[in-house]
Structures are given as C-alpha cells and as structure tokens.
Amino acid sequence: MEESTDTTTSSSHYFSIFTNYPLISAVTAFTIAQFIKLFTSWYRERRWDLKQLIGSGGMPSSHSATVTALAVAIGLQEGFGGSHFAIALILASVVMYDATGVRLHAGRQAEVLNQIVYELPAEHPLSESRPLRELLGHTPPQEKQEMRHL
C-alpha cells in the first residue's frame, strides 16, 4: 500500500510544472515576444519570415521579456524581498546587459567580418563561407523604444 502512495505522489510531482506560475509567465512572455517579431518583420519587409519565431536578436527582445516576466512572477508569488526574487532580478540584469553590450558588439564584429569575406577574391578558401549572423544584440535606442511600449 505504501508503494501506491509513493507512485501517486511521484506522478503528481511531474505535473506540478503546469502550476509553476513563474515558469509559465516566462515561457508565455518569450512566446509573445517571438510572435511579435514575426509581425514586426512583416510590417518592415512586407513578407513573412518564419525564422523570426525561433531566431534570436531583434526587437522586441524575447530574452529580456523572458527574464523580466520570470522576475516579476517570482516577486508576485514569493515576495519582492526574498532571495528568489533577488536571484531572478540579477539574472534579468545580466541577460539585458549582455543583450545591449556583449551581443551587440559581437554582431558589429560579424558585420565587419562579413564585409571582409565579401571582398575576398573568388579563389580564396573563405570566399564561399556562410555569412555570420549580425543581429545578435540590441542598441540602446532599441531598448529605449521597447521600454516606451511597456
């Protein structure tokens, strides 16, 4: 009889992920941001680009939306004075700093490298290499624009 109780408890433990509101909030924010990218891409380019659903970079920032939703949901559920919220807030800060700093500069470097490769002679071994992704981070004006829409 004891084993039956353990099995029931164990199986219900797996389904508790569906009541994890911070997780649900973060995944929902990510999904919404990615879908918005699809529509903003269509508005700018007048064509559907389904890569926007899974791609990183661009606005709105799905990374920023995800960690912000996670931090706010943790704060609402467990209190804004707790250690869990502090961890989530620091995580959100690092992710957003990375998006505006490190990833932005990596994208700019990719732009320069792509231009160098483009100017290589056709016989050079790297002349046929695939271009690097340039849209990796967010510029400060993009971040300000996103904050105005919140």
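Among the residues that make up region 116-126, is at least one of them part of a loop (DSSP other than H, G, I, E, B) and either modelled with pLDDT under 75 or on the phi > 0 side of the Ramachandran plot (or both)?
As a first pass, look at region 116-126 and keep what is part of a loop (DSSP other than H, G, I, E, B): 119-126.
Restricting the remaining residues to those that are either modelled with pLDDT under 75 or on the phi > 0 side of the Ramachandran plot (or both) gives none.
No, region 116-126 has no match at all.
Against the test of being surrounded by 19 or more Cβ atoms within 10 Å (Cβ to Cβ), part of a helix (DSSP H, G or I) and at pLDDT 95 or above, the options A86, A26, A65, A33 yield a single qualifying residue, A26. Pairing residues of region 43-55 that are under 19 Å from G107 (Cβ atoms) and assigned to a loop (DSSP other than H, G, I, E, B) with residues that are at pLDDT 70 or above and not charged (D, E, K, R), at Cβ distances under 8 Å and at least 6 apart in sequence or on separate chains, gives D49/L38; D49/S41; D49/W42; I54/Q34. As a summary of the residue check, Q77 satisfies the conditions (1) without any contact (Cβ under 8 Å) to a residue 24 or more places away in the chain; (2) farther than 20 Å from S61 by Cα; (3) under 23 Å from the mean Cα position of the chain (by Cα) except for the one numbered (1). Taking region 80-113 as the range and being basic (K, R) and free of Cβ contacts under 8 Å to residues at least 40 places away in the same chain as the test, only R108 passes.
The values are calculated or read from the model by the stated rules, or taken from the named source; none is laboratory data. Since the structure is predicted, the reported quantities are computational estimates derived from the model, not experimental observations. Cβ atoms come from the backbone with ideal geometry, glycine included; neighbour counts cover every protein chain shown.
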